[in-house]
Amino acid sequence: MSKWDTEVLIIGGGAIGTAVARELSKYKVDVILIEKDVDFGQGRSKTADNMVSQAAVYEEWPLHSQVTRFAFGSYNVVERECEELDVPQEREPNVFIFENEAMRRRLDVIKEKADERIASGILPKGVAPLQFIDQETLRRLEPNVNKKFVGGLYANNRSIIDSVRLCIARAENAKENGINIMVDTGVEAISVGGSEFEVETTKGSIKCRYIVNAAGEGVTEVARMANADDFGDFLPRTGTHVVLDKKLQGIVNNRVLVDETNYIMHTVHGSIFYATGGAFPMVHKKGYHNTVKKTLDDCLAGVQYLVPDISARDIINAFTGTVPMMTTDEEQWECKVGISKWVPRFINANIGFPGINASPAAAKEIVEGYLVHEGLKLEKKPHWNPYRKAIPVFSKLPDKERRQLIAQDPRYGHLVCRCETVTEGEICEAIRRGATTLDGVKFRCRPGMGRCQAGFCGPRVTRILARELGIPETEVTKKSPGSNTLSFRNKELLLENE
């Protein structure tokens, strides 16, 4: 027996799923979004580089492919979304650097293809042409870059955002506009019958007429449950990031790279990170996020190749992310978004590498194209609200606004995280908006993101979570069920041993 009935069920709360939910929230449609994790953007989005590109430099992307169309169509939309949803964004130009003629020739190809795309008129308006710069200009732009580099290719056509915050903001805005949202809800089985699907989840069954399968790394597995996996297979390709101390602010002024898998760049929050993926090596195990010593050694060597003054002591964290990409080399850069050839009203959506960069245009095509094609009637809501206010960032407020905030809620006067200057008020607001784990709080307002990596604030955030959620501290988890950070209280252990 079905517990919930809805018109459209969205499976997955990452870049695509939350974008589709927000797009559908503009219309009088009954929608449920389910996410297997306890929060949004916890897959590919969490380990993304947070770049939004006009895609002029991706020579691997076929000109008339889905991936190119979605990336081109999303750039200005992401910028507008960030403004509407109060998500931080900044301009971050690219500087491709080279040290010899062989490296220069590869950049010649990139520039030639970028010029061709700009001239064709298919790129968004305002895309700046790529320009070669000499060694003197490179030194002026990036005085700390390795002196062996003799020039670069400058591309002022990128922005940086916070991908997880954008996913969370989209979900909050969609919920505010009437979308039903369920987290910690995994899909166990899908039955196809006549004009509807019945989806068995970990929280009960849901009947629906349309399914948007945006399950990220699990997109193939979910499609197979409905015999709708007619698009090929995806396997994760890995890349490792190292997070560098905020004291290195200013060591680079742009995103500096030798290619798209080895680069150093800023985040919108002021920290620096370096990423390496080699050639995005494929792993034959979904859910693989291991960070091993050899990879860390490669990261350190790679970042020192770009900026020699960086040392191992500057690394404060490291993580490995995965990108679900097609298993064949000729298709690896391609998106797979469309209606299943075998199962009507079942839409598969995986955008692989461009991720958040391509999600708005993909979501619009899913809603206005594929869902409408399959029979969904769209009627716009007269009072759709596109806006959402972020949690106040106490450390960035002027003194007058800080005093006003403390007067309204004294918890904003209690500092919890020293590295990132996060207050109890911000943490409580994150919990009020849906954070139930240490990571949920961290990705909303950054306690634990600094040099000490929660060494100081971790126990304090745990205590606040327990208090606000009404649970024992031993039940507080880092990111998901079973990731408890405390097993027992010291005195309980002593009593057990008496």
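Considering each residue of the stretch 405-446, count those that are in contact (Cβ under 8 Å) with a residue 24 or more places away in the chain and of a type outside the set (D, E, K, R), and give that number.
20
Looking at E330, is it modelled with pLDDT under 75 and either assigned to a strand (DSSP E or B) or in contact with a helix residue (DSSP H, G or I) (Cβ under 6 Å, 6 or more places away or on another chain) (or both)? Steps first, answer last, please.
Numbers: modelled with pLDDT under 75: yes; either assigned to a strand (DSSP E or B) or in contact with a helix residue (DSSP H, G or I) (Cβ under 6 Å, 6 or more places away or on another chain) (or both): no.
No; evaluated as a whole, the condition is false for this residue.
For L123, indicate whether it is modelled with pLDDT under 90, in contact with a Lys or Arg (Cβ under 8 Å, 6 or more places away or on another chain), over 30 Å from Y305 (Cβ atoms) and assigned by TED's automatic domain parsing to the domain that holds A169. Don't jump to the end; show me each part of the working.
Details: modelled with pLDDT under 90: yes; in contact with a Lys or Arg (Cβ under 8 Å, 6 or more places away or on another chain): yes; over 30 Å from Y305 (Cβ atoms): yes; assigned by TED's automatic domain parsing to the domain that holds A169: no.
No, not satisfied.
Determine which member of the set A171, A128 is closer than 29 Å to Q66 by Cα, surrounded by 23 or more Cβ atoms within 10 Å (Cβ to Cβ) and either in contact with a strand residue (DSSP E or B) (Cβ under 7 Å, 6 or more places away or on another chain) or not assigned by TED's automatic domain parsing to the domain that holds L24 (or both). So that I can check it myself, show each step before the final result.
Details: A128 fails: surrounded by 23 or more Cβ atoms within 10 Å (Cβ to Cβ).
Step by step, each of A171, A128 is checked, and only A171 is closer than 29 Å to Q66 by Cα, surrounded by 23 or more Cβ atoms within 10 Å (Cβ to Cβ) and either in contact with a strand residue (DSSP E or B) (Cβ under 7 Å, 6 or more places away or on another chain) or not assigned by TED's automatic domain parsing to the domain that holds L24 (or both).
Quick test for you: out of Q135, Q89, pick the one residue that is touching a Ser or Thr at 6+ places or on another chain (Cβ under 8 Å), at negative phi and of a type outside the set (A, V, I, L, M). Can you show your working first?
Working: Q135 fails: touching a Ser or Thr at 6+ places or on another chain (Cβ under 8 Å).
Only one candidate passes the filter, namely Q89.
Yes/no per residue for (1) surrounded by 17 or more Cβ atoms within 10 Å (Cβ to Cβ); (2) over 21 Å from D162 (Cα atoms); (3) in contact with a Cys (Cβ under 9 Å, 6 or more places away or on another chain); (4) among the hydrophobic types (A, V, I, L, M, F, W, C):
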site	(1), (2), (3), (4)
T421	no, no, no, no
G434	yes, no, no, no
C457	yes, yes, yes, yes
T462	yes, yes, no, no
G482	no, yes, no, no
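For I406, are the conditions met, namely being within 24 Å of R69 (Cβ to Cβ), at pLDDT 95 or above and of a type in the set (V, I, T)? Reasoning before the result, please.
Working: within 24 Å of R69 (Cβ to Cβ): no; at pLDDT 95 or above: yes; of a type in the set (V, I, T): yes.
No.
Only one of these conditions is not met by E374: (1) touching a residue at least 12 places away in the same chain (Cβ under 8 Å); (2) touching a helix residue (DSSP H, G or I) at 6+ places or on another chain (Cβ under 9 Å); (3) over 21 Å from G448 (Cβ atoms); (4) surrounded by 14 or more Cβ atoms within 10 Å (Cβ to Cβ). Which number is it?
Here E374 clears every test but (2).
The values are calculated or read from the model by the stated rules, or taken from the named source; none is laboratory data. Nothing here was measured: the structure is a model prediction, and the numbers come from that model. When we count neighbours, we look across all protein chains shown, and the Cβ atoms used for this are built from the backbone with ideal geometry, even at glycine.
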